[in-house]
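Asks: What follows is a single structure, and I will ask about it in a moment.
Every read-out reported here was derived from the displayed coordinates using simple, explicitly stated rules and does not represent laboratory data. Owing to the predicted nature of the structure, the values given are computational and were not obtained by experimental measurement. Reconstructed Cβ throughout: ideal geometry from the backbone, glycine too, with neighbour counts over all protein chains shown.
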Amino acid sequence: MLRATPAAAPALIDRANRALADLAERIVRLKGWPRRGAALLAGASAALAFAPAHALPLLAAGFSVLVLLIDGSRRKQAFAAGWFFGFGYFIVSLYWLAFSFFVQAEQFAWMAPFAVIGLSAFLGLFTGGAAAVAAALWRPGIQRLLVFAAVYMTFEYARGHVLTGLPWNLPGQALAGTAIGAQTAAWWGVYGLSLIVLTLAVLPARARDGKGAQGLIAMLGGAAILFCVGALRLAGPDPGVREDVLIRIVQPNIPQREKIAGDLWARNFKRHIALSQGDAPAARVYILWPENAAPYLQEYEDALALMSRELPKNATLIAGVVRREEIGGKELYFNSIGVFVETGGERIARAFYDKHHLAPFGEYLPFQGLLRSVGLAQLAPYDEGFAFGSGPQIMSDGGPDFAPLVCYEAIFPGEIYPEGRRPEWIATVTNDAWFGDTAGPRQHLDQARLRAVETGLPMARSANTGVSAMIDAKGRILDRIPLYESGRIDAPLPRPLAATIYTRIGDLGFAILLIGALALGVSPPRRTRGGP
């Protein structure tokens, strides 16, 4: 029988440290294309930490390799390492965008590689810039890890805001696949969660200091604390549900090619109607249809009459629509949410919300004059694309107020509803049929869950196909309809939590964490007693 000796654990740690230090030194010494290839592979691997793979160890492996590549680098070398890392990261994170160009392949397929490669190359400038600035502020030992995490997240914050922003696959979003890992986003939002996740993820880079095993142990310990805190918050008081309010979430599962076919408008509309029918045992019912469920719906009296006949009398329809309006002698198109209510035996449009955070290339063409000169166009079937709405809004039909979000808007933290007025729930409509059976729709759902955690508000999410869901105020999915299934969810409306810390202070919590990490990272190293 083998017996452990007191010296066994230190000896094992020492052996592991030597092996990890040797591996780290090999990575640091890479030159030329092997170095660039290592950065590219590290970025691509880190991106597999997100849905659907959720390979969280690869997030640590990828970012730790990037830190080692910056070690001892000049700023230009660090920028190159960061850019190749980012290029690999975003190619894997955003490859699914290419599928949208094949829906109308005869017109747009040629644009797919340019869009995905070009966007990844552009976003790589943020990771390259972060690596270069971090290299300029480098300190020995653990301080360099704090510098890296703080500088990297500063550039991530910029990525989420520059040119309307694209905060897709921030490091903290890797934990959004389960509610337990995402709970602290209620305190400091996804940017603060990302800073914590990134700091933990790079601790294995202590291998260069001969302390790789200790770094791994610290990373696992920090992750355990994060999940324990999440478990405690989930175990706290549950606000319950409103039995008097029922949400009926419809997922028609219409292939995108058929959805945009004008001659199938009536058939598609009737599919939504069929899935919405049936008595609902609640005083107030909300039927939620997905993005662009019925273009120009308010213009068709026959469609409004059919809704009046077929939908439950006590139901308010919240539908994704395209609407048009003439403003200043020009016809504009809006990607909108319409609220349709029953009054005097007729169904009418009560109010509209117009999407204000439009997706570049999908809904409008940035730098329109320049890009059109080389043959590029947006996917939206209108010459000028969609017009921008005025901003976040709260809607109501006399029942519980809700914040409307259209598709892409759900990835932006802090932009859910106007300041000073808090709704009771979030209604999200989307259409992920553009992107096929890929990582895109699944990552989109994870990011929507984070908005529920950050705000403490339940979310009803209707997708044309995948993934429709009812999400409670702690980010737990109570019911869902998977990709490529038609159906509906009938669920009582979960009650909101009290306003979260993030709701009250926004990104101030992230800023405090960021400043603290940067201050510790760039502070002069301690002098040993008796030293010079």
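Asks: Over the stretch 241-496, what is the mean sequence separation of C-alpha contacts under 8 Å (at least six apart), divided by residue count, expressed as relative contact order in percent? Please report the intermediate quantities before stating the final value.
Replies: On the way: 597 pairs, mean separation 56.4, N = 256.
Relative contact order, the stretch 241-496: 22 percent.
Asks: Cross-link candidates for residue 211: which aspartates and glutamates have Cα within less than 17 Å, leaving aside residues fewer than 8 places away along the same chain?
Replies: 14, 22, 25, 71
Asks: Looking at the calculated P(r) for the stretch 241-496, what percent of the C-alpha pair distances fall above 32 Å? Could the numbers behind the result be given before it?
Replies: Numbers: 5288 of 32640 pairs.
Everything past 32 Å amounts to 16 percent.
Asks: Please express the shape of the stretch 227-330 as an equivalent ellipsoid: the semi-axes are the square roots of 5 times the eigenvalues of the C-alpha gyration tensor, given largest first in whole angstrom.
Replies: On the way: eigenvalues 216, 74, 46 Å².
They are 33, 19, 15 Å, listed largest first.
Asks: Here is a further query. Please determine, in degrees from 0 to 90 and to the nearest 10, the orientation of helix 212-234 with respect to the longest principal axis defined by the Cα atoms of the chain, where the helix direction is its Cα long axis.
Replies: Helix 212-234 sits at roughly 30 degrees to that axis.
Asks: Would you mind estimating how fast the stretch 390-532 diffuses translationally, via Stokes-Einstein at 10 °C and 1.306 mPa s with the Kirkwood radius over Cα pairs, in µm²/s? Walk me through the intermediate numbers first.
Replies: Numbers: Rh = 17.1 Å.
So the translational diffusion coefficient is about 93 µm²/s.
Asks: Could you work out, for the stretch 87-161, what percent of all Cα-Cα pairs fall into each 5 Å distance bin, beginning at 0 Å and stopping at the bin that holds the largest distance?
Replies: 3, 16, 19, 17, 14, 11, 8, 6, 4, 2, 1, 0
Asks: Still on this structure, please answer the following. Loop only per DSSP, at most 10 neighbouring Cβ atoms within 10 Å: give me the trypsin sites (Lys or Arg not before Pro) in the stretch 442-532, ordered by residue number. Please list the in-between numbers first.
Replies: Values: sites: 442, 449, 451, 461, 474, 476, 480, 488, 504, 526, 527, 529; in loops: 474, 476, 526, 527, 529.
Passing sites in the stretch 442-532 are 526, 527, 529.
Asks: Let me ask another. Hey, what did the chain get for relative contact order, percent, Cα under 8 Å, at least 6 apart?
Replies: Details: 1103 pairs, mean separation 85.1, N = 532.
About 16 percent, as a whole number.
Asks: Could you pull out every residue, at least 5 positions away or on a different chain, whose amide H is within less than 5 Å of the one on residue 335? Hs are placed 1.01 Å off N in the peptide plane, and Pro or chain starts have none.
Replies: Distant-sequence amide H within range of residue 335: 355, 387.
Asks: How many times 2.2 N^0.38 Å is the alpha carbon radius of gyration of the stretch 14-101? Kindly include the intermediate steps, with their values, before the conclusion.
Replies: Working: Rg = 14.2 Å, N = 88, 2.2 N^0.38 = 12.1 Å.
Against the empirical 2.2 N^0.38 Å value, I get 1.18 for the stretch 14-101.
Asks: Residue 485 to residue 9: extension gain in nm, 0.36 nm per residue of separation minus the Cα-Cα distance?
Replies: Contour length minus the Cα-Cα distance gives 166.1 nm.
Asks: Explain nothing, just compute: Karplus ³J(HN,Hα) = 6.51 cos²θ - 1.76 cosθ + 1.60, θ = phi - 60°, for every residue of the stretch 404-413 in order, whole Hz, x for Gly and Pro.
Replies: So the J values, rounded to whole Hz, are x, 10, 10, 6, 3, 5, 6, 8, 9, x.
Asks: Here's another thing I want to ask about it. If the reach is capped at under 18 angstrom between alpha carbons, list the lysines near residue 31, excluding any in the same chain fewer than eight residues apart.
Replies: Output for residue 31: 76.
Asks: Output the 0 to 90 degree angle, nearest 10, between the alpha-carbon long axis of helix 301-310 and the longest principal axis computed from the alpha carbons of the chain.
Replies: In the chain, helix 301-310 runs at an angle near 80 degrees to the longest axis.
Asks: Against the longest principal axis of the chain, how steep is helix 143-159, in degrees 0 to 90 to the nearest 10, with axes from Cα atoms?
Replies: 20
Asks: Can you give me the three principal axis dimensions of the stretch 385-430 from its C-alpha atoms, in Å, biggest first?
Replies: Principal extents (largest minus smallest coordinate, Cα): 33, 20, 18 Å.
Asks: Lys and Arg at +1, Asp and Glu at -1: add these up for the other residues within a Cβ distance under 14 Å of residue 506 and post the number.
Replies: Values: positive: 422, 451, 504; negative: 415, 419, 454, 507.
Summing Lys and Arg as +1 and Asp and Glu as -1 gives -1.
Asks: Past the 30 Å Cα-Cα mark, which pairs from 355/474; 259/313; 270/474? It would help to have the intermediate numbers written out before the result.
Replies: Details: 355/474 25 Å; 259/313 27 Å; 270/474 35 Å.
As for pairs spanning more than 30 Å Cα to Cα, those are 270/474.
Asks: Given (1) 22.9, 69; (2) 21.8, 72; (3) 25.2, 90, which label gives Rg and Dmax of the Cα atoms in Å as computed from the coordinates?
Replies: Checked against the structure: label (3).
Asks: Quick one: what are the phi-derived ³J(HN,Hα) couplings along the stretch 313-321, Karplus 6.51/-1.76/1.60 with θ = phi - 60°, whole Hz, x for glycine and proline?
Replies: 5, 8, 9, 9, 8, 10, 10, x, 9
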